[in-house]
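Input: a single structure, listed below in structure tokens.
Please treat every number below as a calculation from the coordinates, not as lab data. Everything quoted here is computed from the prediction, not taken from an experiment. Here the Cβ positions follow ideal geometry from the backbone for every residue, glycine too, while neighbour counts run over all protein chains shown.
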Amino acid sequence: MKSILVTGGCGFIGSNFIRMQRELYPEQTIHNVDKLTYAGNLENLADLEEDPQYHFHQIDICDRTAILDLLKQTKPEAILNFAAESHVDRSIIDSGPFVQTNVIGTQVLLDGAREIGLERYVQISTDEVYGSLGQEGYFTETTPLAPNSPYSSSKAAADLLVRSYVHTFDFPAVITRCSNNYGPYQFPEKLIPLFISNAMEEKSLPVYGTGENVRDWIHVLDHCRGIDAALRKGKIGEVYNFGGHHELTNLEMTHILIDLLGKSRDLITFVQDRPGHDLRYAIDSTKAETDLGWSPQIPFEQGIRDTITWYQSHTDWVQRIKTGEYMQYIETQYAGRMKKDG
Ligand code: NAD
Ligand code: TYD
């Protein structure tokens, strides 16, 4: 492809994806559309600032006029929609921005894409749309949607809108659904970067409930490779699940981070549980492995060590993020939640 348009490219996964695309396809032009919310950071792609094949546009994906103007002007062959409000805890405090960006923003992109016509539209979704698993079983692409949080409901609504455009308008879309990502450039409100940065500062690590909830962790670059495969080899109308085959309870993950950082387990503080907290996510990615020839490449033990090293060598990046808005969120989220030490 000569030209692609990525939304949300200044966030965690989008910035890793854009950097990987520049390495894999040097001839390809990339347009990055990002509103620069609290989670969007130009610094994440500072190394591409002088790259003539890379163009940044500060636009809200809900801004119909601006999006259509840009699409007409740039005529990308594909759109990859990463832009989203992405943090479950924030969606519990206020679901408004989630419905706005994740649902209305997707609708605006779909309409704009239909108007200019393109080869592929990739909707970056999440395994959280399937709801929660018990101790057994895995999510497949045919698992019914049963989202439990305002975040996952807004993502499921967007997926259904994409599905309807495929069915109604022969729109050339694919949907990807991935499990929990970890790696460089993740905003330090999510479990892994929050706990690494807190532990580095000898601050407490707030584990929700008893820490028994299970997540299936995948390195962000393995997710990005999957999205690239879905873009180039995915069949229109299909959904592809990606997972890391690496399930851990939150308490197991917390112990791993503390031990690798050489800190004390006394830093752990058990706090009041997240309302509606999904017990377990686990992905069956057989379809992506069979149809796209994809499989995760980065062993967890190596990926997590590299991630810790990245945060240790990017303390300035973390400190610059921890500004007024961040501190205010941390205060709202964790104040009055402290339950007991353990
Ligand atoms: P992130 O919060 O780090 O980044 C989101 C980016 O979107 C930011 O740069 C932000 O500025 C931008 N954005 C938000 N609202 C916007 C708007 N209205 N217009 C334009 N830009 C806007 O999120 P992430 O972790 O990189 O997730 C990216 C995508 O991947 C999301 O769609 C998310 O649902 C999905 N996903 C994430 C994970 C995960 O573990 N992080 C797993 C599966 C799927
Ligand atoms: P998170 O990184 O927010 O991802 P998601 O909720 O989308 O899976 O959280 C991962 C897990 O860690 C989830 O079970 C909630 C838990 N968690 C804590 O125990 N403490 C925290 O401070 C955070 C942010 C998350």
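If both residues of a DSSP beta bridge must be in the chain, then about 15% of such bridges are antiparallel. Once the Cα atoms are used to define both axes, helix 106-116 deviates from the longest principal axis of the chain by about 20 degrees. Which GluC sites (Glu not before Pro) in the range 1-79 sit in a loop by DSSP (not H, G, I, E or B) and have at most 11 other Cβ atoms within 10 Å of their own Cβ? Counting only loop positions with at most 11 other Cβ atoms within 10 Å, the GluC sites (Glu not before Pro) in the range 1-79 are 27, 49, 50. Cβ-Cβ distance of residue 77 and residue 203, R₀ of 45 Å, FRET efficiency by 1/(1 + (r/R0)^6): the value works out to about 0.45. The label-point distance for residue 119 and residue 301, in a model that sets each label 7 Å from Cα toward Cβ, rounds to 4.1 nm.
When exposed loop sites are taken as trypsin sites (Lys or Arg not before Pro) in a DSSP loop with at most 11 other Cβ atoms within 10 Å, the longest stretch of the chain clear of them is 3-234. Full extension of the segment from residue 329 to residue 140, taken as 0.36 nm per residue of separation minus the current Cα-Cα distance, would add 64.6 nm. With 0.36 nm allotted per residue and the present C-alpha distance subtracted, the residue 245-residue 58 stretch has 63.7 nm of extension available. Length gained on full extension, residue 160 to residue 50: 35.8 nm, using 0.36 nm per residue less the C-alpha separation. Using R0 = 41 Å, the C-beta based FRET efficiency linking residue 167 and residue 69 works out to 0.90. Between residue 289 and residue 212, what FRET efficiency follows from the Cβ-Cβ distance if R0 is 22 Å, with the result rounded to 0.05? Computed FRET efficiency for residue 289 and residue 212 comes out at 0.15. Distance from the C-alpha centroid of the range 119-144 to that of the range 46-75: 29 Å, rounded to the whole angstrom.
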